[in-house]
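Read the structure below first, then the notes.
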Amino acid sequence: MKLNFHLPINTTSFGQTSCLIARTLFDKIKSGELSDDDYSIAPLGNVDISTQNLPEDFQKWLQNKVNKHLSSHRATTPTFKLWHLNGALDRLSEKQTLLSFYELDEPTAEEINAVKNNNTLFSSNYTISSFKSVGAQSQFLPLAFDSYNFFKTNKTYSPERIVFNLCGKLEKRKHHGKIIQAWVKKFKNDHRVHLQCAIYNPFLKPEDNNAVLNNILNGQKPFNVSFLPFMGKNSIYNDFLNSANIIIGCSGGEGWGLPEFTSLCLGKHAVIMNAHAYQEWAEEKNCVLLNPSGKIPAYDGMFFHQGAPFNQGNIFNFDEEEFISKCETAIAKYQASPNNEEGEKLKTKFTKENLLTKIIEYAS
């Protein structure tokens with residue numbers, strides 16, 4: 001056995017990446033490029049593939065791999081693990097390569113120890129620099145476009161207006177409240193534009209999600225702003241991403257930014273914060289860049305707690321007027337050329353095949 005994959009195969013963004021890796025491995029084995037006997041898969045937690053539209057032969061192969069793991073795994077087989085830094089010290093093998101995501105800028109002693117005790121990979125050079133400054137070395141591994149689940153639908157959605165999309169789980173780190181308030185202040189009830197928000201946070205109760213949104217809008221929702229429910233299928237989410245013209249990616253801290261990245265790969269225009277992991281794929285030729293105005297503490301009392309052993313530090317901030325100016329620039333770019341050809345080029349640069357090849361190279 002050459003390599004074991006320890007993956008959270010579930011409905012989260014970690015699960016999305018895990019399924020992409022597993023499906024690409026299956027394709028390589030099916031084509032004869034890799035040997036099935038060389039690779040095993042150990043699920044991290046319960047397996048939930050309900051969001052995916054998966055071929056039957058892949059499902060059978062995956063189930064067989066999962067079933068065989070407990071009887072076939074050996075600690076001498078190197079493991080590639082996709083997981084948080086909190087939990088990274090739990091290992092199945094003597095040699096473990098960890099791919100993790102980190103959004104802040106003040107690594108704690110616990111996080112530093114996790115990085116030092118793994119062959120650690122991050123998808124953000126900003127994160128690599130943060131850990132290098134405190135003596136913890138790591139390596140860069142970019143993520144990839146998921147061409148299994150995301151593709152152009154070529155449908156006509158709302159030709160009479162320009163649609164903005166805002167994505168990600170509702171939380172302070174992603175600046176959802178600030179983005180919505182700034183956008184509404186400028187474009188409220190403007191029939192020419194619309195803001196779609198797919199920001200439902202499944203880790204919050206429905207009433208808590210609604211309370212936060214209501215507070216953001218002071219109880220008054222313009223007709224050109226909509227909040228969409230949780231999308232339990234990738235096919236639905238693909239349709240959502242296709243329905244917009246411009247994606248907003250102004251989170252204060254990300255490990256990659258999958259919805260924004262995927263939208264550019266689909267040819268959407270974008271307003272993207274020129275910071276953290278966004279810088280691995282966002283540049284002036286493929287989007288409208290918004291430079292940060294500084295940093296603010298990340299603590300929100302829900303997901304980031306000051307003094308905790310993990311997730312300490314700051315997120316990037318932005319100026320609201322500058323954000324609106326960038327939105328107007330993005331509108332003009334869309335009107336001049338509806339399809340973002342430079343954005344589409346990202347899907348040929350960041351491929352799933354390259355991702356798997358690099359994982360095997362780092363971890364075997």
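The values are calculated or read from the model by the stated rules, or taken from the named source; none is laboratory data. Note that the coordinates shown come from a computational prediction; the quantities given were computed from them, not determined experimentally. Note that each Cβ is placed from the backbone with ideal geometry, even for glycine, and that neighbours are counted across all protein chains shown.
Counting only helices (runs of 4 or more DSSP H) wholly contained in the range 149-247, the ones carrying 3 or more residues that are modelled with pLDDT of 95 or more and surrounded by fewer than 17 Cβ atoms within 10 Å (Cβ to Cβ) occupy 176-187, 234-242. With the requirement that a residue be over 16 Å from Leu3 (Cβ atoms) and within 27 Å of the chain's Cα centre (by Cα), what does the range 28-56 give you? Passing the criteria: Gly45, Asn46, Val47, Asp48, Ile49, Ser50, Thr51, Gln52, Asn53, Leu54, Pro55, Glu56. Checked against the criterion of being closer than 23 Å to Tyr157 by Cβ, under 14 Å from the mean Cα position of the chain (by Cα), part of a helix (DSSP H, G or I) and not hydrophobic (A, V, I, L, M, F, W, C), the range 270-286 contains not a single residue that satisfies it. Within the range 302-323, at least one residue is assigned to a helix (DSSP H, G or I), surrounded by 17 or more Cβ atoms within 10 Å (Cβ to Cβ) and touching a helix residue (DSSP H, G or I) at 6+ places or on another chain (Cβ under 7 Å).
Against the list (1) surrounded by fewer than 23 Cβ atoms within 10 Å (Cβ to Cβ); (2) among the charged types (D, E, K, R); (3) within 26 Å of Tyr148 (Cα to Cα); (4) touching a Lys or Arg at 6+ places or on another chain (Cβ under 9 Å), the condition Glu328 fails is (3).
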